[in-house]
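Below is one structure, written out as structure tokens; the observations come after it.
Coordinate-derived values only; no laboratory data. None of the values given here were measured: they were computed from a predicted structure. We place every Cβ from the backbone using ideal geometry, glycine too, and count neighbours over all the protein chains shown.
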Amino acid sequence: MRVVAAEFRKLLTLPSALVAIGFTVAAMPGLAAQTASQIAARLDAGGPEVVGTVSTLNVGFYLVPFAVIGPIVLGIVLAGSEYTRGNRDTDGGRQITASLTAVPARGTLLMAKASVLVVLSGVLAAVVVPATIWLTQTVLGEHGHTWDELAGTLGWRVAGAVAYWVLMSLLAFAVTLVARSGIVPMIFFVVNSSMVSFSFLLTRATPLAKYLPDVAGTQMFSPDYPAEGMLGPVPGGLVMLAWTAGLLAVAALVLTRRDA
Amino acid sequence: MRRPARDGHPGPVIEFIGLTKRHGRKLAVDDVSFTVCPGRVTGFLGPNGAGKSSTLRILLGLDFADAGTALVGGRPYREIRNPLRTVGSLLDGSGAHRSRSARAHLTWLACSNGIPRSRVGEVLDVVGLADVAGRRVSTYSLGMGRRLGLAAALLGEPEVLVLDEPVNGLDPVGIRWIRGFLRAYAAEGRTVLLSSHLMGETAETADDLVVINAGRIVTRGSVQEVVGGHASLEESFFALTEGLSR
């Protein structure tokens, strides 16, 4: 428990972690509210209620696969900060030295870090995703939906989105821990979530792409994934969980066997 | 912590037994064995790249030995519960993330080992960083980073101090201060092992010396014994190592 408390303190006193949390809390509701007000304005002018793939129902929720960048960055920072070198001239050390002299049981350290991440990204998702839905419906005003309608369409998908954020952050954490640097994972995961989804492109090339962790995991919440023959929400979630467990196991194996 | 030997004198606190470590094809530590006793400052002396840091990293459970063991109080470091309360250590750098403040760094360390929060302020005072404790570590000079590392080592009021090149980057006042500090620490019956490549400085601070070169222990004993008939420790060191490296 001490180790978990220490890891919480460690992560929450890192400016980059606070930026990631702030981004998640601000960006998703902010962008969603903006889109909702655009849709509301269009509807007021007599336009269609669907803009592209965004409707009055899923406005806000469509940002789940983008705003996951926040939890992903948290996972990367949690692992990468251990291996960041200090100023070369004044302090060439890395935090992993301090972490492992304080907590030499490496399995314990890994479990503590993973627990912190599960709690933080889980709470972030459980707060930000419903708050965004509420905010967009408030902005839509008379064009919005009743809670019954929303629960019917989104309902379990909100829980799926929470699971997706938690698992994505753990995946990013495990990959960064093995790589011992956050730079490459940061570029890959952020680009994959925001600009070009490499895994989505792969669904065009091979049906096997449906087993990629993010493609499979997206089925837990996406009402309209733009590809054919995808897994169902539960099998998709299980496939993503298996990827996460596997990569965490690799990270544990590597961490307990290599020199710090 | 101190294990009484049969004759009633305290036994060794740190033991290296046949320690061997390879980095790739290079033998960084070659069958190193020595002990460190309480109540004395032991200097671990050798040129850069001689294997000092590798030896200390294995002692602290950071790196794995290819052969042999290193024990603190008869146990491997990894088996010590809340190790910061038994062994304080300082390795390369302060170990603090550069965007964290010194106070935040020491606070999570204290938290992880169940050390009272009040110790954070105390050690910051001891090393003279209290005024800058809220500043990011990236703004620190080399000397301030070393002081922060030392503060972290002292946090758990440990019986054993293991310090790798502690005077690196300290100004003459800092060096004089740390010398006095370590001597007083050992005088309380605690154990101090410090590595250095600075022979004159180490001769001033240490009671016992262990000299390492190219991964092998070349000599050990009290400072007087190691200096022997030579004019200085430096003379003695080169006499000991030059023959070996040819």
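Descriptive notes on the structure:
- Proximal charge balance of B:Arg216 [Cβ under 9 Å; K/R count +1, D/E count -1]: -2
- Rounded to whole numbers, the Karplus 3J(HN,Hα) couplings from phi for segment B:88-96 are x, 9, 9, 10, 4, x, 8, x, 9 Hz, using 6.51 cos²θ - 1.76 cosθ + 1.60 with θ = phi - 60°, and x at Gly and Pro.
- Between amide H atoms placed 1.01 Å from N, distances below 5 Å from B:Cys37 occur with B:Val13, all of them 5 or more places distant or on a separate chain.
- Computed from Cα positions, the angle between helix B:102-112 and the longest principal axis of chain B comes to roughly 80 degrees.
- Dividing the summed -39500 (n - 2.57) terms of all DSSP H runs of n ≥ 4 by the residue count of chain A sets its mean residue ellipticity at 222 nm at -23000 deg cm²/dmol.
- Axis of helix A:155-179 versus longest Cα principal axis of chain A: the two differ by about 30°, to the nearest ten degrees.
- Inter-site label distance for A:Met111 and A:Val50 at 7 Å from Cα along Cβ, in nm: 4.9 nm
- Both radii come from the Cα set of chain A: Rg as radius of gyration, Rh as Kirkwood radius; their ratio Rg/Rh reads 1.02.
- Label-point separation in nm, B:Ala184 to B:Glu79, each point 7 Å along Cα→Cβ: 3.6 nm
- Spin-label pair A:Met195-B:His23: with each label point 7 Å from Cα along the Cα-Cβ axis, the two points sit 3.7 nm from one another.
- Global size of chain B as Cα Rg and Dmax, reported in angstrom: 17.7, 54
- Counting only alpha carbon atoms, the long axis of helix B:233-245 and the longest principal axis of chain B meet at about 60°.
- Less than 5 angstrom separates the built amide H of B:Leu161 from those of B:Gly88, B:Thr191, B:Val192, B:Leu193, all sequence-distant by 5 or more or on a different chain.
- Across segment B:46-56, computed HN-Hα scalar couplings (Karplus, 6.51 cos²θ - 1.76 cosθ + 1.60, θ = phi - 60°) run x, x, 4, x, 7, x, 5, 5, 4, 4, 5 Hz from first to last residue, x flagging Gly and Pro.
- In segment A:150-250, chymotrypsin sites (Phe, Trp or Tyr not before Pro) in a DSSP loop with at most 15 other beta-carbon atoms within 10 Å: none
- Of the GluC sites (Glu not before Pro) in segment B:182-217, the ones in a loop by DSSP (not H, G, I, E or B) with at most 13 other beta carbons within 10 Å are B:Glu188.
- Candidates B:Thr202, B:Thr55, B:Thr107, ranked by Gaussian network fluctuation over chain B, Cα under 10 Å, top entry: B:Thr107
- Of the GluC sites (Glu not before Pro) found in segment A:1-98, the ones in coil according to DSSP and having at most 16 other Cβ atoms within 10 Å of their Cβ are A:Glu49.
- Residue-by-residue Karplus 3J(HN,Hα) for segment A:131-137, coefficients 6.51, -1.76, 1.60, Hz, glycine and proline x: 4, 5, 4, 4, 4, 5, 5
- Built amide H within the under 5 Å cut-off of B:Asp66, gap 5+: B:Thr20, B:Lys21, B:Arg22
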